[in-house]
Every structure is written in structure tokens, then in C-alpha cells.
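The next block holds one structure in the form of C-alpha cells; read it before the comments.
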Amino acid sequence: MNKKVQKTLEFYKIIDLLAACATSDAGKNFCEKIKPLKDMEEIEKHIKETGDGLTRIFKYGEISFAGITEMVPFAKRLEIGSSLNTGELLLVSNLLGVAKKAKNFGSSDARGNEIHDSLTRYFDELEPVESLYKEITRCILSEDEIADEASPELHSIRRSKNRANEKIRAELNSMLSKPSVRDCLQDTVITTRSGRYCLPVRAEYKSVISGMVHDQSATGQTLFIEPMAVVALNNEVRELELKEKEEIAKILKELSLRVGEHMEELKQNYYLLSRLDFIFAKATLAKQMEGSAATLKKDGAVVLKSARHPLLDKKTVVPISLTLGDGFHTLIITGPNTGGKTVALKTVGLLSLMALSGLYIPAKDGCEIPVFSEIYADIGDEQSIEQSLSTFSSHMTNIVHILDGLQNKNHGYALVLFDELCSGTDPNEGAALATSILEKVYDCGALCMSTTHYAELKMYALSTEDVENASCEFDVETLSPTYRLLIGVPGKSNAFAISKKLGLSDEVLSVAKEHMDETDKSFDNLFVDLEQKRVSMEKEAEEIARRRQEAEELKKSYADKMEKLEERKEKILREANEKASNILQDAKNNADSAIRNINKYGDMNPDMSKLEQERAKLGKKLKNTQSKSVRPVEKPNHKAPKAKDLRIGDAVKVVSMNLTGTVHTLPNAKGDLEVQMGIMHTKVNISDLVLLEENNPYAKPTKKQRKAGIAKGAGAFNKSATISAEIQLLGMTVDEAIVTLDKYLDDAYISHLGQVRVVHGKGTGALRNAVHDFLRRNKIVASYRLGEYGEGDAGVTIVTFKE
């Protein structure tokens, strides 16, 4: 596919939109290399991958591939025996981390069901190499810090180094406590020079403090002296630092060797993740454009349904629908300037390029795109001053190139797009040339779309088989285009109407109309008449469709009502039958009882008082049965409080939920307010509340109780609402930090925070170790860990509370 047409149709802007959807540099590189293809099977494969990626996004959410790095440079360094530094090893771990997340994302859904589609093979081939990932993350805390636990030897060296440093500080602090030494110092602090602990001694007292001078101030009044008492200890620290560097180099070497052992898997992961990022970028673009997959075919017609130009705002752009190649192979579009002719032309060309590149197109389902071997376009003003080409000449040069390409015996199936064909010259000659060029394109078997203002081309389309007119609709009442593409209807330029709208006088327009010959006038009037009839028929069709829709809705509504009535009728009858059956059964039981009593007293003198009692009993039972048929409506038996009686923190009962809580906000104009019930926070109406008292759940609280309730409730709420998920301990001593941390953890636990972040810094590690010792003994702490890469590293501890 020639690159000139891609530039003309602005395909490079689609590439920019696609690259913006990728989350890694490698994915962006894939996007920037995308191009239209000619192999139908390969294109369908790309479209299928795009569709499967879109399905996964809709079902399982988006996935990021940020953080992947090319492994080839690392491989070359490892081949010559070099070691990777901490930053490079972290990049390796990042790649493995992304591979692990991607493999989990692609292997199964939330229910654990395996996913099988065209992307499954990419996810299955990923190798996260978890052992290498865990080893790197265990040993390296950040680019400038190796974990103490990276090796037993490193742990031992650092422990000895810390002990030596503590001895030095203890010795220097002992010296600082002596008045004789303190008077000799510029400032009572311990400082370092060249990695060795020193004291800032006044120049005039340098003979009093014996030791090695390592530096002096800019004024020369202060000398930084390492006292002889700590020289040996400082030497020990320097020796341990050298050993530490050697051990770190050894650790990095061992990790580098392990990376080298898995280099093939790392390279494969990088390629697979880059490819997946590219596929999901295409899927994301399809989602943003609300696109669909076009059906490909070797030749035949272009079928577009509600297609939108992808570079225009989808909320305002007017979609077009057309079929080019079924019934006609050449489409001539006419209409006013700025009416949408060129946009329609570019939409067909650009969507064809997108489909052939494996992308979804912004259109409804059911679109069809042939696999064109070439797409040609002559659009826009290509005037060239350097080559002495006028507008017409530059267009004609391009047209000659197009015709030469079409006449090549290997050109295959092509799409040709002409904008204002043969304009910029004498109208009669231009129309004749345009007609001849269109016939030549048709003879070469290509599909063709052309815009024009020539009336001769409209007549050519009307009188020539396999050629069709089209127009961009123009509203003559508002004198503005609607941008709808109408197939089979020739358009008007509407020059007179537009000129009048822009302010051209009636006198000038009248003279202009006199210069038109009768043939042009009658031809123009014919178009006007056809357009008016078309608009009238469309309105009638819309009215018929609207009334049909209303009738369908009424019919459906009537059917739904009848169905509900039948269901209600059956329910009423069923309940009535059940009640009648129960009444009959009761009557039968009562009659049987009465008959038994009569038989019982039949052969003897009956006790009339007992018979009267039986009769009264039956009458009472009948009365109870009748009373059940009508039940009075129950009225609420609680008294709702008034808005002025409520205060934040008042204890209330939510009647509908049968739960107690405290007032969180005062009622608004509608009587709605928020109530806190334990950990649940909900909005209720004041009519659903009852004010509570300690010993009387339905009585109004006293003034004293209300004040106590406010203080207690508001205090608890304020603590819960203002407690932060992070605490800063930087700059505190160990004792201050532990006291502050203890109180903070209690407040955070009471406020139902599940996890908090403790910032203690890196430093010498003393504060971090103290914090960890405290957390280990704390009963409300479930677990704690150092922050990961990106969370603050070793300067932060993440604390999780027990449930």
C-alpha cells in the first residue's frame, strides 16, 4: 500500500491514537509499525486478536504492561562476563513481575474457569521464572540499597560495622561531655569527613585535641580533626566498608549469572508482553471509538453502516451508510461546499485502511471491506511552487500516476478516491476530462468515488449503467448542510442560496440567474423538484414509522396489562377458593360437632344451658372468622422527632431497620440525614427515627444526656473521620517514635483501618529496627513488611491489623 495515500487520508493520526493506548515503549513501537496488509488470513488473524482483547477488557478489565525493558543489551553484557547493577536487576524483576501479572490475567477468569481464545497462546508461553523474581526482590531493596539478608556474610559485616560505629559515637560523646574538650570545639556536634568521624575544633585549639586533620572550613577557623581515640575504630569501619562492597559485588555477580541462565525466557517474555500490549492497545482504541469488526472479502462491494470518521468527535459527527460495488462501481457525490463530500470520501478510504491493518472501525456491525491491493486518493490542494505546478497540474500529475498504477497488469482490486475531479480549469474541458477518467477507472475494474460540482457528471451518472449519483443533504430552509449522504440523489451546489445568506444583494443574484441558459435552469429546477419530493416522502415515511412505533408500544402495553390482570385474576380466584374451602371445612366441622351433641342428648333430657353454650361458642367463632376478612391498616406507633430537637451525636433508633445509631449530619430541607450504625453509614428520613434515652428507648433524652451524647458521639466520629492511613516518624528519637506509634496504632485500629503506612526513613536502620521490635510484640498487629519498590522501599513499613 503506497505511503502517500496513508498521508493523504491521515492514517498516521490513527497510528498516533493507537500508540497512545499502549502502556509500554515496546508496545508503542509495535503500534507505530502497523500498516495495511494484503494477506486476507493474516488480516483476519489480527482482527480476531483485537476482538478477543476487547472481550477480555469488557469482562475482566484493563491490563497494564508498563515496566518491561528490552533484554538484548543485558544479554550482550552478560556474554562478556560483566555483571548487572542494582538498577538493571530491578528492571529484570519488573519484567518478571509484569509477566506474572499477565499470566494470571490470561489464564483464568474470576471463577477459576480457563479462558480459550486467540490470545491464550501468548499468555501460556509467558515464563515468569518466579525463583529468579523472588531472589532479586529479596536481595535488592532499591537501586541504592541491598538487603542485609542478601547473604549471611553481608549480614555479619553490617552488624560488625554497626557495632564499630556505635563504639565511635560512644567514644566521641564521652569526649563531648568533658568541659575541657567542649571549650575547644566550634560546635558540639559529631561530623564526618571522607567517611571518618571527626570533631569541629577551633584552629587555635588544634594542639589540645590530638588526632588527624581531615579538612578545614572556608575561613580556616575550624579544623575537622579525627581524635586519636577513634582512629583505630574508624580504620575498622573503613575495612568493613570495603568488605561490604566486595560482598555486594559478589551478590550482584551471582544474581547476574542467574539472569544469564534464564535469558532466553526473559527475551521471550519481552516479546510476548510487547505483542500483548500492542493487541490490547488495538482493543482499547476499538473501545474508545465504539468500533466493530468489518467482514473481509477478496473483492466485491464496500458496505458501511452508520460509519463515522474516526478523527471527528463521535458525539457530533453525522454517520454515513453506503454500498459501493453492488449495483454500481462508481459513485459521484455532489453538493455544496463544506457539506461533507470530502469527509465522506475520506471516511471510506480511512476505514478501509484501518480494516486492512487489523483494526476495528467506528461503525455498526455488518460492515464489509474488500482486501484492496491498492488504494489511490487525489484529495486536497497539492500545488507546488518549487516544481512550477499549478493546482490543476499537480492534481493531473497525481491522476496520471493513479491511471498508470491501475493499468499495471498486477494491480489487483483497487479503490480510487477523487476530490473535485478535474477542477481548476475550464469547466467544459474539465467535465469532459473527468468523464473520460472515470470511464478509464471503471474499465480497469476498480471501485471509484468522486466529488464534483460539474452538472455534466451528474448527467453522466444518470445516463450511464453502473454509475450512481449521491449528494450531501442541504437544508434549504436553514441554508446549512446536514452532512447526510443520500445515495441515488444528485445534489446542488446551492451557490445562489449560500451567497444570499452571506449577504450578496438580490440585484446581483437576479443578474446572475439571467446569465444561466434555459437548459441549466430547467435542469436545476428538476433537481429542486426532486429534492422537495424526496424531503416530503421522507417526512411522510418518518411519520408512518412514528405512528407504527406508537401502535406497537400501545399493543405491547395493552398485552402487558392484560397479562398482569390475568395473573391477578388467577391469584384472587385461587385465594378465594382456598378461603372458601377453609370456610366450608370449618362449617362441616361445626355441623359435625353439633350433630354429635344432639345425638348425645337425644335419648335423655337435654341440658339446655349446655346447648346454649355450644350455640354461643359457634356464633363467636363465626364472628371471628368474619372479622379476619377485613384488617385495619396499622399506623406507626412511634413519634418522630422534630428537626430542631436533633443534634449531631444523638442516639437514635432507625425503626424500619430496627437498629440503633448516632446522628452524623443534621436533617436537610427534605428531612433526610445520615446516621452511623456501627461500621454502617446510611441516609434515612427523620420520620423513620426515634430519639433514645438510656432507660426509655422511646423517650426524648434530657438536656444533660444529649450533651453527653454529643461529646461522646462527636469525639468518636471525629477520630474515625480524621485518622490518617500514614504516620511520619522522621526526625524523632527512638523513644519519641515508639510512644507516638503506639498511640497512632490504637487510634487506627479503633477506626477500622485495615492497613497503615509507617514512614521511618532509611538512615542507619536504628529507628526501623526499633519500630519492627515494637510491632513484633504488639497484639493488634497481624503482620508487617518493608515497602516494596515504588512504595518507599526500606524507608517505609506496611502494617496490617488483625481482624
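The values are calculated or read from the model by the stated rules, or taken from the named source; none is laboratory data. Keep in mind that what you see is a predicted model, and the values were worked out from it rather than measured. Here Cβ is always computed from backbone atoms with ideal geometry, including for glycine, and neighbour counts include all displayed protein chains. Just so you know, the surface numbers come from the protein's heavy atoms only, side chains and all, with ligands and any DNA or RNA stripped out. Shrake-Rupley method; radii C 1.70, N 1.55, O 1.52, S 1.80 Å.
Yes or no: N162 of a type in the set (S, T, N, Q), open to solvent by 40 Å² or more (accessible area, probe 1.4 Å) and farther than 30 Å from G220 by Cα? Explain how you work it out, then say what you get.
Details: of a type in the set (S, T, N, Q): yes; open to solvent by 40 Å² or more (accessible area, probe 1.4 Å): yes; farther than 30 Å from G220 by Cα: yes.
Taking the combined requirement at face value, the residue satisfies it.
Within the stretch 55-81, the set of residues being outside any helix (DSSP H, G or I), modelled with pLDDT under 90 and within 23 Å of I248 (Cβ to Cβ) comprises I80, G81.
So is H262 open to solvent by less than 60 Å² (accessible area, probe 1.4 Å) and modelled with pLDDT under 90 or not? No. Residues in the stretch 276-304 that are open to solvent by less than 30 Å² (accessible area, probe 1.4 Å), in contact with a helix residue (DSSP H, G or I) (Cβ under 7 Å, 6 or more places away or on another chain) and under 19 Å from I63 (Cα atoms): L276, D277, F278, I279, F280, A281, K282, A283, T284, L285, A286. All of E803, E788 fail the test of being charged (D, E, K, R), within 37 Å of the chain's Cα centre (by Cα) and within 19 Å of A147 (Cβ to Cβ), apart from E788.
Applying the criterion of being in a loop (DSSP other than H, G, I, E, B) and surrounded by fewer than 15 Cβ atoms within 10 Å (Cβ to Cβ) to the residues of the stretch 405-422, the residue that is nearest to the chain's Cα centre (by Cα) is N410. Note on the stretch 295-320: residues that are within 16 Å of I369 (Cα to Cα), among the hydroxyl-bearing types (S, T, Y) and at pLDDT below 90 amount to 0. Tallying residues that are free of Cβ contacts under 8 Å to residues at least 60 places away in the same chain, open to solvent by 80 Å² or more (accessible area, probe 1.4 Å) and touching a helix residue (DSSP H, G or I) at 6+ places or on another chain (Cβ under 7 Å) within the stretch 641-659 yields 1. Within the set A218, A229, A249, the sole residue that is open to solvent by 20 Å² or more (accessible area, probe 1.4 Å) and without any contact (Cβ under 8 Å) to a residue 12 or more places away in the chain turns out to be A218. Being open to solvent by 40 Å² or more (accessible area, probe 1.4 Å) and modelled with pLDDT under 90 holds for only one residue in T425, T323, and it is T425. Taken over the stretch 339-368, the criterion of being open to solvent by 20 Å² or more (accessible area, probe 1.4 Å) and either touching a helix residue (DSSP H, G or I) at 6+ places or on another chain (Cβ under 8 Å) or closer than 24 Å to I399 by Cβ (or both) is satisfied by T342, V343, K346, Y360. The residues of the stretch 428-458 that are in contact (Cβ under 8 Å) with a residue 40 or more places away in the chain, open to solvent by 10 Å² or more (accessible area, probe 1.4 Å) and assigned to a helix (DSSP H, G or I), listed by number, are Y442, A455, K458.
The set of residues in the stretch 660-679 being in contact (Cβ under 8 Å) with a residue 24 or more places away in the chain and open to solvent by less than 60 Å² (accessible area, probe 1.4 Å) consists of T662, V663, H664, P667, G671, L673, Q676.
Each row is one residue, and each column tells you yes or no for (1) open to solvent by less than 70 Å² (accessible area, probe 1.4 Å); (2) without any contact (Cβ under 8 Å) to a residue 60 or more places away in the chain.
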{"position": "Q755", "(1), (2)": "no, yes"}
{"position": "G761", "(1), (2)": "yes, yes"}
{"position": "R768", "(1), (2)": "yes, yes"}
{"position": "N778", "(1), (2)": "yes, yes"}
{"position": "A782", "(1), (2)": "yes, yes"}
{"position": "L786", "(1), (2)": "yes, no"}
{"position": "T797", "(1), (2)": "yes, yes"}
{"position": "T800", "(1), (2)": "yes, yes"}
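Condition check: β-branched (V, I, T), touching a helix residue (DSSP H, G or I) at 6+ places or on another chain (Cβ under 6 Å), modelled with pLDDT of 85 or more and closer than 23 Å to C444 by Cβ. Does V371 satisfy that? Lay out the reasoning, then the answer.
Numbers: β-branched (V, I, T): yes; touching a helix residue (DSSP H, G or I) at 6+ places or on another chain (Cβ under 6 Å): yes; modelled with pLDDT of 85 or more: yes; closer than 23 Å to C444 by Cβ: yes.
Against the criterion (β-branched (V, I, T), touching a helix residue (DSSP H, G or I) at 6+ places or on another chain (Cβ under 6 Å), modelled with pLDDT of 85 or more and closer than 23 Å to C444 by Cβ), V371 qualifies.
Going through (1) surrounded by fewer than 17 Cβ atoms within 10 Å (Cβ to Cβ); (2) under 56 Å from the mean Cα position of the chain (by Cα); (3) farther than 27 Å from K161 by Cβ one by one, E239 falls short only on (3).
Before we move on, is T334 crowded, with 18+ Cβ neighbours inside 10 Å and in contact (Cβ under 8 Å) with a residue 60 or more places away in the chain?
Numbers: crowded, with 18+ Cβ neighbours inside 10 Å: yes; in contact (Cβ under 8 Å) with a residue 60 or more places away in the chain: yes.
Spelling it out, T334 is indeed crowded, with 18+ Cβ neighbours inside 10 Å and in contact (Cβ under 8 Å) with a residue 60 or more places away in the chain.
The single residue among G761, G713, G709 that is at pLDDT 80 or above, of a type in the set (G, A, S) and either on the phi > 0 side of the Ramachandran plot or over 31 Å from the mean Cα position of the chain (by Cα) (or both) turns out to be G761.
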